[in-house]
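Step one of this worksheet: look at the structure below.
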Amino acid sequence: MSCLQTIADYGLRSLGFGERLLPSSDFTLCQQFTLIGSGMIWNIYFGVVALALGFFLSTALALGKASDHLIARKASEWFIFLFRGSPLFIQFFFAYFAFLALKSSHPAFDPLTSAWLGAAIVLFLNTSAYAGEIFHGALQSVPKGDIEAAEAYGITGWKRFRRITFPTMLRLAWPAYTNEAIFLFHATTLVFFSGFPAWQQRGDALYYANYFADKTFNPFVPYPILAFYFILLTLTVITIFGLINRRLTRHLPQEARPRMRLRPMLVR
Amino acid sequence: MFACADPQSLEKFDWLVCYLTSGKHVLFYQSFGVVLLLLAITAPVSLAFGFLGASAARSQITPLRWFGKGYTAIVRGVPDIAFFMFFVIALDQFFEYLRHKVKCPDWDLPIRQGSDFIVCAQAKLPLSTAPQWQHETYGFSLAVLTFAIVFGAFAANVLFGAMRSVPHAQLETAEAYGFSRRQTFWRIVVPQMWIYALPGLSNLWMILIKATPLLFLLGVEDIVYWARELGAAKQARFSDYPHGDWRLYYFAALLAFYLLLTRISEIVFARITRRLSHGQATAAGEKQRKAAA
Amino acid sequence: MRKLILSTAALALMSGAALAQETVRLGTEGAYPPYNYLDDNGEVAGYERELGDAICAQAELTCEWVTNDWDSIIPNLVSGNYDVIIAGMSITDERDEVIDFTEAYFPADPSAFISTSDAFDGTGEADAVLADKAFLEPIVAESGGELVFAGEDVILGDGIGIGVRESDGELKDKLNAAIAALKADGTVNTLIEKWFEGMEGPY
């Protein structure tokens, strides 16, 4: 079987298209590359969904934690502590348990126990807590002068937040937020590994790497392939976030633009 | 104590006491110690790896610099779980191979026979005659080393940034006073970099704590291993304490453990930050100075 | 004094080398009752524990039990972290390419698919779990109808044997001899009848 044929058969296997049965003997490098790559679709899906939705919740959590309103502050603090203070692994376990209980109470909750929804929700909550903490830290460091200047110009309330506070907060938080995004993508490998069952062998990259390691009894091929894909993914994330960073800081004079140094780490 | 010989006949409370003190539970309790010990050893070792990595990345010797940068870039780009899946076996084989070269130079059989990895009996780590505790200690050390390699890369990244954050004017001043590069590094950069590294390092510590559930992948029987084992439904045929699926309770205990550990760490780090800020050219240090004046 | 210590150390080393031939580390999973599981004291127990001990006694080997995660049980064997696998492992062609097996100590048990009652359409692994029927039976019984056996039973492989490294021919011969002897004197049958309810000793 040529490699192109393999790609046609297994390239979208993780979504359920193409060849139904996974290869079971005479494993080629091409098969391993194709299937593990196919699994990356899920890793990217989980990462993108959680990140996109998490952005809004984390902003809300950061504002909540900084707010004077006691209930909003306490709720945000506890949410962040709970999700940052416990391993994702255990969060998946409890979430799956809870989803199973919901499922048995009403059929409307059925999709919660499948990974595409259930795991995405857990990752969304998890990354919101981490990013919320990052944004909160940035919010605290917004220069006092900026706010005072806005007030002097009569910019207040929602408008001040949207035009002054929020963009500055983003700019300050961006390097750490990039780190969080990288870690979120790494964390997506835990979905099928410790949380949710892979229905009809549709799994993520780690799931297929594990499959090959199990069948060939040789871990030294599939896991480095997995590592290779993740290095590519990480580089892509860094590039995209770098471009956004350029846009966020485009009004600043060249030297004052903070370079994308990925060092302050607020991570998983 | 109660007589636990015949658990079926015991009342609820006595049953629970007997259950929670069974040999298996004692192993479970000990595994908490294993996790704490691993954290206590891994943290300084990772820090050392990180320091070496960061120093290498700053080095003027090009290959060394590439090595330092490559190490941090590659290891940080890969999910830790992917490393854990094959690293321990790789490390183990690497060490045995080295020992084999030293101890059995006359060995003429190939080391790889098909899929077998064969070294002479004297090169085995630990020797196959060694008692089980030595095997376990060795396995534990490999786990520590694997953790340290992974987290060392993150620490290197943090320290590299911290070294660059030490105000440049200070380095120039040192140079003006005739400090050599080496002196500047050890007397100016290293003592001051910690305050800049602290936020990153404290986060790293938090990640390290939360990576310990992956220990079972490294062949160490940790708290998650025992929680699963104990929590799984037990049939009367195979246990004196049959019960249904109790994993929820065991995982709740783990959750409490991790939250507690996180909380304690937060408090400790807040204290260290306060102490390290003292006399530093940072906003917090400035605040302390003003408050004292 | 110093010389004395040295000589005892040398002695210890020598006896260690002599023993080296005879300590065999037995790798198992510890999570597959009734074949192997951990008892309330955290010790390996089950059919394979008793059989393994009997084999070691018969072959005059000193044995030590080690547990290892199922996923990496073969890589750790070929890498030399223990010497045999005795973990309810069916003898299959794929595994036989990588490791060697002794004679079976348990007959080819019908394996079965279980699945949630509605999902299965018979195409194999994709929709269902395949495992030894003896392991699955209590699980299906306790699932309250949610899990069912699906499709036909399959006879997988040539029974369950002890896995050894391909380069370990000598050990394999020793184990084979011990298994043959225990089959002949009825020990294997007795143990099977003890651990597998309603099953008759086949040897």
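The values are calculated or read from the model by the stated rules, or taken from the named source; none is laboratory data. Given the structure is predicted, the values throughout are model-derived calculations rather than measurements. Using ideal geometry, Cβ is built from the backbone for each residue, glycine included, and neighbour counts are taken over all protein chains shown.
Annotation note: of B:Leu159, B:Leu260, B:Leu201, B:Leu208, the sole residue that is touching a Ser or Thr at 6+ places or on another chain (Cβ under 7 Å) and not aromatic (Phe, Trp, Tyr) is B:Leu208. Can C:Asp100 be described as within 15 Å of C:Leu175 (Cβ to Cβ), at pLDDT 75 or above and within 14 Å of chain B (Cβ to nearest Cβ)? In short, yes. Sub-6 Å Cβ pairs linking a first residue in the stretch A:1-27 that is in contact (Cβ under 8 Å) with a residue 40 or more places away in the chain to a second residue that is surrounded by 15 or more Cβ atoms within 10 Å (Cβ to Cβ) and among the hydroxyl-bearing types (Ser, Thr, Tyr), at least 6 apart or interchain, are A:Arg13/A:Ser38; A:Ser14/A:Ser38; A:Phe27/A:Thr216, ordered by first then second residue. Being among the aromatic types (Phe, Trp, Tyr), touching a helix residue (DSSP H, G or I) at 6+ places or on another chain (Cβ under 9 Å) and over 29 Å from B:Val224 (Cα atoms): is that true of A:Phe55 here? So A:Phe55 passes the test. Whether a residue is away from chain A (no Cβ under 14 Å) and within 30 Å of B:Pro191 (Cβ to Cβ) was assessed, and B:Leu125 does not pass this test. When residues in the stretch A:1-27 are screened for being of a type outside the set (Ser, Thr, Tyr) and part of a loop (DSSP other than H, G, I, E, B), 13 of them pass.
Here is a yes/no grid of residues against (1) closer than 30 Å to B:Arg247 by Cβ; (2) of a type in the set (Phe, Trp, Tyr); (3) within 14 Å of chain B (Cβ to nearest Cβ):
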| residue | (1), (2), (3) |
| --- | --- |
| A:Ala98 | yes, no, yes |
| A:Asp110 | yes, no, no |
| A:Ala115 | yes, no, no |
| A:Leu139 | no, no, no |
| A:Ala149 | no, no, no |
| A:Gly154 | no, no, no |
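Note on the stretch B:101-118: residues that are within 11 Å of another protein chain (Cβ to nearest Cβ) and touching a residue at least 12 places away in the same chain (Cβ under 8 Å) amount to 2. For the stretch B:3-16, filtered to residues that are within 16 Å of B:Ser239 (Cα to Cα) and part of a helix (DSSP H, G or I), the residue that is farthest from the other protein chains (Cβ to nearest Cβ) is B:Ser9. Of everything in the stretch A:205-232 that is within 8 Å of chain B (Cβ to nearest Cβ) and in contact (Cβ under 8 Å) with a residue 40 or more places away in the chain, the residue that is farthest from A:Tyr10 (Cα to Cα) is A:Phe230.
The residues of the stretch C:159-188 that are within 14 Å of chain B (Cβ to nearest Cβ) and more than 18 Å from C:Ile91 (Cα to Cα) amount to a single one, C:Glu170. Is it the case, given these coordinates, that C:Glu94 is of a type in the set (Asp, Glu), without any contact (Cβ under 8 Å) to a residue 12 or more places away in the chain and either closer than 24 Å to A:Ser25 by Cβ or surrounded by fewer than 21 Cβ atoms within 10 Å (Cβ to Cβ) (or both)? When the stated conditions are applied, C:Glu94 passes them. Once the stretch A:234-260 is narrowed to residues that are modelled with pLDDT under 60 and loosely packed, with under 13 Cβ neighbours inside 10 Å, the residue that is nearest to the other protein chains (Cβ to nearest Cβ) is A:Arg259. Residues that are within 13 Å of chain A (Cβ to nearest Cβ) and not in a helix (DSSP H, G or I) were ranked within the stretch C:62-85; the one that is nearest to B:Phe84 (Cα to Cα) is C:Asp69. Just wondering, is there one or more residues in the stretch B:78-95 that are out of contact with any helix residue (DSSP H, G or I) (no Cβ under 6 Å at 6 or more places or on another chain), away from chain A (no Cβ under 14 Å) and not in a helix (DSSP H, G or I)? Scanning the stretch B:78-95 turns up no residue that is out of contact with any helix residue (DSSP H, G or I) (no Cβ under 6 Å at 6 or more places or on another chain), away from chain A (no Cβ under 14 Å) and not in a helix (DSSP H, G or I). Any residue that is under 16 Å from the mean Cα position of the chain (by Cα), under 30 Å from C:Asp71 (Cα atoms), of a type outside the set (Lys, Arg) and surrounded by fewer than 20 Cβ atoms within 10 Å (Cβ to Cβ) - is there at least one of those in the stretch A:203-213? Scanning the stretch A:203-213 turns up no residue that is under 16 Å from the mean Cα position of the chain (by Cα), under 30 Å from C:Asp71 (Cα atoms), of a type outside the set (Lys, Arg) and surrounded by fewer than 20 Cβ atoms within 10 Å (Cβ to Cβ). Tallying residues that are part of a helix (DSSP H, G or I) and in contact (Cβ under 8 Å) with a residue 60 or more places away in the chain within the stretch B:19-36 yields 9. Restricting the search to the stretch A:146-193, which residues are charged (D, E, K, R) and in contact (Cβ under 8 Å) with a residue 40 or more places away in the chain? Those that are charged (D, E, K, R) and in contact (Cβ under 8 Å) with a residue 40 or more places away in the chain: A:Arg171, A:Glu180. Within the stretch B:252-278, the set of residues being surrounded by fewer than 18 Cβ atoms within 10 Å (Cβ to Cβ), over 15 Å from A:Phe81 (Cβ atoms) and either at pLDDT 95 or above or among the polar types (S, T, N, Q) (or both) comprises B:Thr273 only.
Criterion applied to A:Leu51, A:Leu82, A:Leu102 was being more than 14 Å from every other protein chain (Cβ to nearest Cβ), touching a residue at least 40 places away in the same chain (Cβ under 8 Å) and part of a helix (DSSP H, G or I), and the one residue passing it is A:Leu51. Looking at the structure I just gave you, is B:Leu98 under 21 Å from the mean Cα position of the chain (by Cα) and either of a type in the set (Asp, Glu) or surrounded by fewer than 17 Cβ atoms within 10 Å (Cβ to Cβ) (or both)? In short, no.
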